[in-house]
Amino acid sequence: MQTSFSLAQLADPNVAQSEKILRKCVHCGFSTATCPTFLLLGDELDSPRGRIYLIKDMLEKDRPADAKTVKHIDRCLSCLSCMTTCPSGVDYMHLVDHARVHIERTYKRPLADRLIRSVLAVVLPNPKLMHLALIGAVAAKPFKSVFEALPGGNRIAAMLDLASFPPRGGNRPAGQEVASVNGALRGRVSMLSGCAQRVLQPSINDATLRLLGRHGVEVIIPKAEGCCGALVHHMGREEAAHNYARANIDAWIAEMDGHGLDAILITTSGCGTTVKDYGFMFRNEPEYADKARRVSAIAKDISEYLGALRLRVPVRETGQIVAYHSACSMQHGQKIKEQPKRLLTTMGFMVKEVPEGHICCGSAGVYNILQPEIAARLRARKVANIEKTKAQIIATGNIGCMAQIGKGTDIPIVHTVELLDWAQGGPMPAALANAGFEDRPARPAIETQTAE
Ligand code: SF4
Ligand code: SF4
């Protein structure tokens, strides 16, 4: 694609980066075939190619974002399915990230929109506020129809729909070594304890700690770590995202330079994509560029790390049919496709591929709150495809997908690590217990095996 940025514009490293990305696009349109919003809406401007033209026009003319551009960029899920399909290697993720920052700086959204975005940006990354908000949302559920009648109230209604009572316990404070190690020490890692996940489903981190401890891996959660910044990053709030990221980078670098870390483990793939991108996010900030690169270099999804360990054999009889839902941030963002399925198979589960598995479920961070109609259609499509597998359990590696898909089906949905931990003698995941699954007694663990 030809571009016509001036030299003065290209002096801005962010514009120069976007110009490089734009020039790679040959407008072939292959990516439209796998774009969820194009599949649903059939509008070229809701396809990757259409959005690339809108972004090019906005950046090249160096003009404030207009309502039309904002509408179509807001509808993009940042699912990155287009990046998997694109034969030219167009880095759409960094292009749309730049566009979102430009929109945030130059466009005044309607009041209701500004309000809901500000509330989400403040509440979701803060576990205490999130916990209170969940309790408030559950209490407000009976008044959903009242909210629906207000301007922009469909988003509040979507938020209420997603809310359920947070599980008790788990919300483990940071700042202490938490995994008790069984046997010889085989590794030392840090685990991102997260923000929304540790409130919505603390059992995920607990299962991870048990699994790692069982395999001799010590886990440290530094006091100063917190939200990875992904939620605000996807809203174009660059400064807030960088502030969250800097706090994590400082906390992890202190551990890396102190007792050392083999890896930084992330159990929510949406967060993993962002932590792995810290190196890029800070490329123009001399004080943090090198530290951010070092952090990104050792960031791993939990399934990548477990896949390289010799895992103990399962101590429970498993064999249940599991539909594995690969989150977009897992398969398109991090290109992790096989490890989670291999781990589940190694633990004795019968893993089924989900038809149209490359299409987003509509979760996409806060997309299901900000674009509830499109998100609901994508959920219905995803659930119909999952149900075709006749699975007894759905497994995935992203809390957002768990909340989104779980609202549309009675099949219990769990995090992959919860199933692995259960197979190895951990407690039955609550979703399975609630669905009436029977727990069979565990055998003593004696051998090890590897998933790779
Ligand atoms: S993003 Fe890639 S696949 Fe899509 S139009 Fe551009 S070159 Fe073609
Ligand atoms: S990120 Fe997803 S929704 Fe956005 S243009 Fe690409 S495929 Fe379409």
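The values are calculated or read from the model by the stated rules, or taken from the named source; none is laboratory data. For clarity, every value in this text was computed on a predicted model and none was experimentally measured. Positions of Cβ are backbone-derived with ideal geometry, glycine not excepted, and every protein chain shown enters the neighbour counts.
Here are a few things to note about the model shown:
- Criterion applied to TYR278, TYR288, TYR324 was being under 20 Å from ALA196 (Cβ atoms) and outside the structural domain of THR34 (by TED's automatic domain parsing), and the one residue passing it is TYR278.
- Members of the range 295-311 found to be among the charged types (D, E, K, R) and either under 27 Å from LYS390 (Cα atoms) or crowded, with 20+ Cβ neighbours inside 10 Å (or both), listed by number: LYS300, ASP301
- In the range 72-94, the qualifying residues are those that are within 8 Å of ligand 2 (Cβ to nearest atom) and aliphatic (A, V, I, L, M), and the one that is nearest to SER31 (Cα to Cα) is MET83.
Residue by residue, here is whether (1) farther than 21 Å from PRO13 by Cβ; (2) out of contact with any Lys or Arg (no Cβ under 9 Å at 6 or more places or on another chain); (3) at pLDDT 95 or above holds:
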{"position": "ALA224", "(1), (2), (3)": "yes, yes, no"}
{"position": "ALA240", "(1), (2), (3)": "no, yes, yes"}
{"position": "ALA247", "(1), (2), (3)": "yes, yes, yes"}
{"position": "ALA254", "(1), (2), (3)": "yes, yes, yes"}
{"position": "LEU261", "(1), (2), (3)": "yes, no, yes"}
{"position": "PHE282", "(1), (2), (3)": "no, no, yes"}
{"position": "SER296", "(1), (2), (3)": "no, no, yes"}
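- Residue check, ALA240 farther than 21 Å from LEU185 by Cβ and touching a residue at least 40 places away in the same chain (Cβ under 8 Å): yes
- In summary, ARG75 fulfils each of the numbered conditions (1) at pLDDT 80 or above; (2) out of contact with any Asp or Glu (no Cβ under 9 Å at 6 or more places or on another chain); (3) surrounded by 13 or more Cβ atoms within 10 Å (Cβ to Cβ); (4) within 25 Å of CYS195 (Cα to Cα) with the single exception of condition (2).
- Spans of helices (runs of 4 or more DSSP H) in the range 1-45 with at least 2 residues within 13 Å of ligand 1 (Cβ to nearest atom), among the polar types (S, T, N, Q) and under 30 Å from the mean Cα position of the chain (by Cα): none
- Residue that is farthest from the chain's Cα centre (by Cα) [pool: residues in the range 46-82 that are assigned to a helix (DSSP H, G or I) and small (Gly, Ala, Ser)]: ALA67
- Of all residues in the range 95-136, those satisfying the criterion of being farther than 23 Å from GLY194 by Cα and not hydrophobic (A, V, I, L, M, F, W, C) are HIS98, ARG100, HIS102, GLU104, ARG105, THR106, TYR107, LYS108, ARG109, PRO110, ASP113, ARG114.
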